[in-house]
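Written below as structure tokens is the structure these notes are about.
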Amino acid sequence: MRLHRLLKMNWHGTEHRYHMVQKCIRIFLAGMLFFCTAAVSQLAAIPGIDSCLPDIPGAYVYYRDYSFPDTVYIGFLQYDETSYCMRLYSDSLRGSSAPYALEIYFTLGEKDGRTEMTGERIMGSFSPDETDLVNYLHDLVYEFSARRGNISAQTFASSIAESFQSDTQATLKTHFISVQEEYPQFGGTVDMNYAFYIPVFNLHSITAPNGDIRFELITAAALSHSSDTSFFDFTGIPLSISDKERDFTPADNPEILEIKDTAQTLRLDDQWKLAGPGVWMLGNAAVLSYSSAAGKTLPAAPVEKQFLPAHILRNMLLGMQGAYPDFRTVSIQAAKDSFTIESSYYLPAEKSVSHSFKKFNLTANDTICLFDLTVFDSIYKTNRQYFNTVVSNYQCK
């Protein structure tokens with residue numbers, strides 16, 4: 001595939017630069033790869049839950065659970081329609097100085113229209129002191145699936161239609177469906193907030209009537225391959241994360257290049273260098289990628305056309321191996337047949353933060369255009385106008 005060819009090219013530059021290209025292209029092409037393999041890699045929803053968008057094998061979510069006095073993250077991973085894993089992680093649970101992780105593999109089925117846990121396996125050693133945590137995770141699965149099961153696929157379809165009806169891009173709400181319910185675990189009366197672009201339970205957050213957050217989505221991603229351990233490696237994203245200090249200064253009076261293909265136009269200065277088909281590098285500071293494909297050359301979409309932007313948005317939002325999007329920073333602008341995502345990615349292995357802009361357009365002749373600009377966050381923060389101009393100069397027609 002195109003990704004394979006790009007990663008096998010003989011890049012001219014440092015090894016660091018090559019690995020940055022690998023990482024950033026992997027993140028950018030996630031949406032196109034997921035879409036192009038959609039016919040063979042889509043799942044039905046969790047048993048007992050109706051959905052108008054297919055689920056993605058290997059998709060996972062992590063939440064911060066504020067019902068604990070300690071910093072606790074809870075994740076749910078979906079392998080296929082019936083096989084899952086849940087994980088509780090804390091750096092210092094119950095005063096311990098050592099990190100703690102509890103992992104439970106489980107299977108789900110449907111009985112009388114409701115989700116039912118049909119089997120489980122707890123990984124590693126297990127002590128009686130952890131029984132309450134196991135029971136708590138069980139309760140979350142039953143509660144979340146039951147509460148989500150009360151919302152119809154049509155309700156989500158209506159929220160998708162509302163999100164992509166404007167002629168000009170407008171900011172999407174962080175959640176679209178809020179249901180006020182009694183949930184004693186989270187303090188009584190709460191709002192269960194859902195969004196179509198979040199995998200597994202579609203749950204964005206649980207909030208109190210006064211706005212206090214009780215349970216909050218931190219990241220969502222998808223496993224890249226069978227040996228990808230990103231779900232099990234996750235240890236959280238700090239509330240305040242900063243990138244390493246890096247140097248970049250835009251050139252004075254550079255030559256401007258206008259790059260065109262059949263559907264896209266891009267304007268870059270001569271500091272950018274072509275690194276491969278549709279890929280431009282700005283030294284070690286940033287990478288820009290763009291791609292287009294005529295609808296007739298793509299496999300049949302797994303969703304109806306009115307759901308296609310939502311389906312691709314959902315896929316392009318997901319992180320990839322070793323790169324966790326911070327959903328607390330995600331901003332989405334959407335219009336009819338287009339959207340723009342702005343977000344930050346946390347790369348713990350490299351102790352780095354990247355800033356990303358992703359664009360999707362579906363043209364009148366059903367050509368799909370995808371664009372990504374990924375820049376180290378410290379460089380973006382000191383050169384916002386420069387990079388924002390690069391993004392605004394991209395056009396798809």
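Taking every residue in region 322-334 that is in a strand (DSSP E or B) and pairing it with any residue that is small (G, A, S) and surrounded by fewer than 19 Cβ atoms within 10 Å (Cβ to Cβ), at least 6 positions away or on another chain, the pairs with Cβ-Cβ distances below 9 Å are Q333/A170; A334/S166; A334/A170. Tell me whether region 72-91 contains one or more residues that are of a type in the set (S, T, Y), within 23 Å of S205 (Cα to Cα), open to solvent by 50 Å² or more (accessible area, probe 1.4 Å) and at pLDDT below 95. Looking through region 72-91, at least one residue is of a type in the set (S, T, Y), within 23 Å of S205 (Cα to Cα), open to solvent by 50 Å² or more (accessible area, probe 1.4 Å) and at pLDDT below 95. Among the residues making up region 345-368, those that are over 17 Å from L172 (Cβ atoms) and assigned to a strand (DSSP E or B) are Y345, Y346, L347, S352, V353, S354, H355, T367, I368. Screening V330 against (1) farther than 17 Å from Y60 by Cβ; (2) under 12 Å from the mean Cα position of the chain (by Cα); (3) surrounded by fewer than 20 Cβ atoms within 10 Å (Cβ to Cβ) leaves a single unmet condition, (1). From the list A221, A195, the one residue that fits, being within 27 Å of S83 (Cβ to Cβ) and in contact with a Leu (Cβ under 7 Å, 6 or more places away or on another chain), is A221. D112 passes every criterion in (1) open to solvent by less than 50 Å² (accessible area, probe 1.4 Å); (2) of a type in the set (D, E); (3) without any contact (Cβ under 8 Å) to a residue 40 or more places away in the chain apart from (1). Selection of region 373-391 for residues being outside any helix (DSSP H, G or I) and either modelled with pLDDT under 95 or open to solvent by 10 Å² or more (accessible area, probe 1.4 Å) (or both) yields F376, N383.
Here region 341-351 is the region considered, the condition is being touching a residue at least 40 places away in the same chain (Cβ under 8 Å) and either surrounded by 20 or more Cβ atoms within 10 Å (Cβ to Cβ) or of a type in the set (F, W, Y) (or both), and the residue that is nearest to Q165 (Cα to Cα) is S344. Taken over region 164-193, the criterion of being of a type in the set (G, A, S) and within 23 Å of the chain's Cα centre (by Cα) is satisfied by A170, S178. Within region 75-114, the residues that satisfy the criterion of being hydrophobic (A, V, I, L, M, F, W, C), assigned to a strand (DSSP E or B) and over 16 Å from G58 (Cα atoms) are L88, A101, L102. Filtered by the rule that a residue be of a type outside the set (D, E, K, R), surrounded by fewer than 12 Cβ atoms within 10 Å (Cβ to Cβ), under 30 Å from the mean Cα position of the chain (by Cα) and under 24 Å from V353 (Cα atoms), region 243-274 gives no residues. Checking each residue of region 304-314 against the condition of being at pLDDT 90 or above, under 20 Å from Y346 (Cα atoms) and either in a strand (DSSP E or B) or open to solvent by less than 60 Å² (accessible area, probe 1.4 Å) (or both) gives at least one match. Go through region 251-262 and give me each residue that's touching a residue at least 24 places away in the same chain (Cβ under 8 Å) and either in contact with a helix residue (DSSP H, G or I) (Cβ under 6 Å, 6 or more places away or on another chain) or closer than 18 Å to L373 by Cα (or both). Across region 251-262, the qualifying residue is only D261.
Within region 55-71, the set of residues being more than 20 Å from A323 (Cα to Cα) and either open to solvent by less than 20 Å² (accessible area, probe 1.4 Å) or among the β-branched types (V, I, T) (or both) comprises D55, D65, T71. In region 122-135, the residues that are exposed (fewer than 10 other Cβ atoms within 10 Å of the Cβ) form no Cβ pair under 6 Å with any partner that is among the polar types (S, T, N, Q) and modelled with pLDDT under 95, whether six or more places apart or across chains. Do you know which residues across region 172-188 are farther than 29 Å from D337 by Cβ and open to solvent by 50 Å² or more (accessible area, probe 1.4 Å)? Passing the criteria: Q180, E182, P184, Q185, G187. Being buried (at least 18 other Cβ atoms within 10 Å of the Cβ), of a type in the set (A, V, I, L, M) and either under 30 Å from A286 (Cα atoms) or touching a residue at least 24 places away in the same chain (Cβ under 8 Å) (or both) is a property that L239 lacks.
The values are calculated or read from the model by the stated rules, or taken from the named source; none is laboratory data. Quick caveat: nothing in here was measured; it's all calculated off a predicted structure. Cβ atoms come from the backbone with ideal geometry, glycine included; neighbour counts cover every protein chain shown. SASA here: full protein model, heavy atoms, side chains in, ligands and nucleic acids out. Shrake-Rupley method; radii C 1.70, N 1.55, O 1.52, S 1.80 Å.
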